[in-house]
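Accompanying notes for the structure given below.
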Amino acid sequence: MKPIKDLRLEYSKESLDVSDVVSNPIQQFERWMNEALDADLIEPYAMTLSTVGNDLKPSSRIVLLRGISQLGLTFFTNYESKKGQNLLENPQAALNFFWPELERQVRIEGTVQKTSLEESTAYFHSRPKGNRLGAWASDQSRPIESKEALQNKAQKVEVHYENEDSVPCPEHWGGYRLIPNYFEFWQGRPSRLHDRIFYEKDESGNWKIGRLQP
Ligand SMILES: Cc1cc2nc3c(=O)[nH]c(=O)nc-3n(C[C@H](O)[C@H](O)[C@H](O)COP(=O)(O)O)c2cc1C
């Protein structure tokens with residue numbers, strides 16, 4: 001393996017100060033997401049979701065951000081997956097975006113709620129048929145004996161819904177919305193003196209903005 005301990009980049013593209021950000025962190029996040037989209041990054045809306053269940057063992061995986069509103073950030077998954085089980089036991093979760101081309105990271109923490117049945121169903125039906133069939137074919141996060149066994153399950157689902165225009169949304173599938181109470185916007189700077197601007201929600205629901213040491 002190459003000596004990764006000797007590989008390092010200097011970050012210098014941009015800087016970030018309290019005076020550069022807007023007072024609403026969701027608007028600030030939309031601003032950065034738009035810049036990431038404009039920069040033609042590959043899936044800048046892919047984010048690491050971290051959860052902790054009753055066993056107190058943190059668990060992380062990538063999911064796709066599918067919506068941003070003043071209420072929070074939405075993603076979709078299988079409610080019976082490992083993440084679904086973790087979130088049932090403990091709705092606290094963290095999201096992380098890393099956009100290396102922009103030398104940026106965003107950290108978001110909060111509490112997760114399931115989206116309404118209407119919202120989950122509407123999104124489910126906006127997906128291509130293959131993705132909708134996949135939601136029926138996969139008992140996400142459960143072991144299976146072989147690839148063939150998975151392909152057989154997928155084929156059975158395909159035959160079952162062959163003549164149906166609309167594959168129904170499974171009960172075990174839907175969205176979660178992370179209601180944020182903490183944001184951090186990180187901009188890489190030379191000599192590891194990075195800019196870190198955070199937002200924390202106080203008890204009256206107001207956002208406090210500050211700077212963290214790198
Ligand atoms: C780029 C990318 C996007 C993904 N998007 C989703 C997603 O939106 N929803 C989802 O359930 N899994 C998604 N996955 C798969 C998850 O990372 C994970 O394998 C799966 O959800 C099972 O996680 P769990 O066992 O921790 O519940 C994605 C993976 C990658 C690499």
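The values are calculated or read from the model by the stated rules, or taken from the named source; none is laboratory data. This is a predicted model, so every value here is computed, not measured. Note that each Cβ is placed from the backbone with ideal geometry, even for glycine, and that neighbours are counted across all protein chains shown. Keep in mind that these areas ignore ligands, DNA and RNA; they rest on the heavy atoms of the full protein, side chains included. Shrake-Rupley method; radii C 1.70, N 1.55, O 1.52, S 1.80 Å.
Gln92 satisfies every condition listed in (1) out of contact with any Ser or Thr (no Cβ under 7 Å at 6 or more places or on another chain); (2) open to solvent by 30 Å² or more (accessible area, probe 1.4 Å) except (1).
Among the residues of segment 164-178, at least one is over 15 Å from Thr121 (Cα atoms) and at pLDDT 95 or above.
Does segment 177-184 contain any residue that is among the hydroxyl-bearing types (Ser, Thr, Tyr) and more than 22 Å from Leu73 (Cα to Cα)? Checked segment 177-184: no residue is among the hydroxyl-bearing types (Ser, Thr, Tyr) and more than 22 Å from Leu73 (Cα to Cα).
Can we say Ser116 is within 15 Å of the ligand (Cβ to nearest atom) and out of contact with any helix residue (DSSP H, G or I) (no Cβ under 6 Å at 6 or more places or on another chain)?
Values: within 15 Å of the ligand (Cβ to nearest atom): no; out of contact with any helix residue (DSSP H, G or I) (no Cβ under 6 Å at 6 or more places or on another chain): yes.
Spelling it out, it is not the case that Ser116 is within 15 Å of the ligand (Cβ to nearest atom) and out of contact with any helix residue (DSSP H, G or I) (no Cβ under 6 Å at 6 or more places or on another chain).
Would you point out which residue out of Ser141, Ser146, Ser120 is hydroxyl-bearing (Ser, Thr, Tyr) and open to solvent by 70 Å² or more (accessible area, probe 1.4 Å)? Quick ask: steps written out before the conclusion?
Numbers: Ser146 fails: open to solvent by 70 Å² or more (accessible area, probe 1.4 Å); Ser120 fails: open to solvent by 70 Å² or more (accessible area, probe 1.4 Å).
Answer to the selection: Ser141.
Please enumerate the residues belonging to segment 61-84 that are closer than 14 Å to Asn96 by Cβ, open to solvent by less than 10 Å² (accessible area, probe 1.4 Å) and within 6 Å of the ligand (Cβ to nearest atom). Scanning segment 61-84 gives a single hit, Phe75. Of all residues in segment 157-178, those satisfying the criterion of being more than 21 Å from Glu118 (Cβ to Cβ) and surrounded by fewer than 12 Cβ atoms within 10 Å (Cβ to Cβ) are Val159, Glu162, Asn163. Please tell me if Gly110 is within 23 Å of Ile42 (Cα to Cα) and either in a helix (DSSP H, G or I) or not hydrophobic (A, V, I, L, M, F, W, C) (or both). Spelling it out, it is not the case that Gly110 is within 23 Å of Ile42 (Cα to Cα) and either in a helix (DSSP H, G or I) or not hydrophobic (A, V, I, L, M, F, W, C) (or both). Considering only residues in segment 3-44 that are closer than 11 Å to Leu102 by Cβ and among the small types (Gly, Ala, Ser), the one that is farthest from the chain's Cα centre (by Cα) turns out to be Ala39.
Number of residues in segment 21-40 that are surrounded by 11 or more Cβ atoms within 10 Å (Cβ to Cβ), without any contact (Cβ under 8 Å) to a residue 60 or more places away in the chain and charged (D, E, K, R) equals 2. Selection of segment 179-214 for residues being within 30 Å of Ser126 (Cβ to Cβ) and touching a Lys or Arg at 6+ places or on another chain (Cβ under 6 Å) yields only Asn181. Take the conditions (1) away from the ligand (no atom under 12 Å from the Cβ); (2) open to solvent by less than 40 Å² (accessible area, probe 1.4 Å); Gly53 misses just one of them, which is (1).
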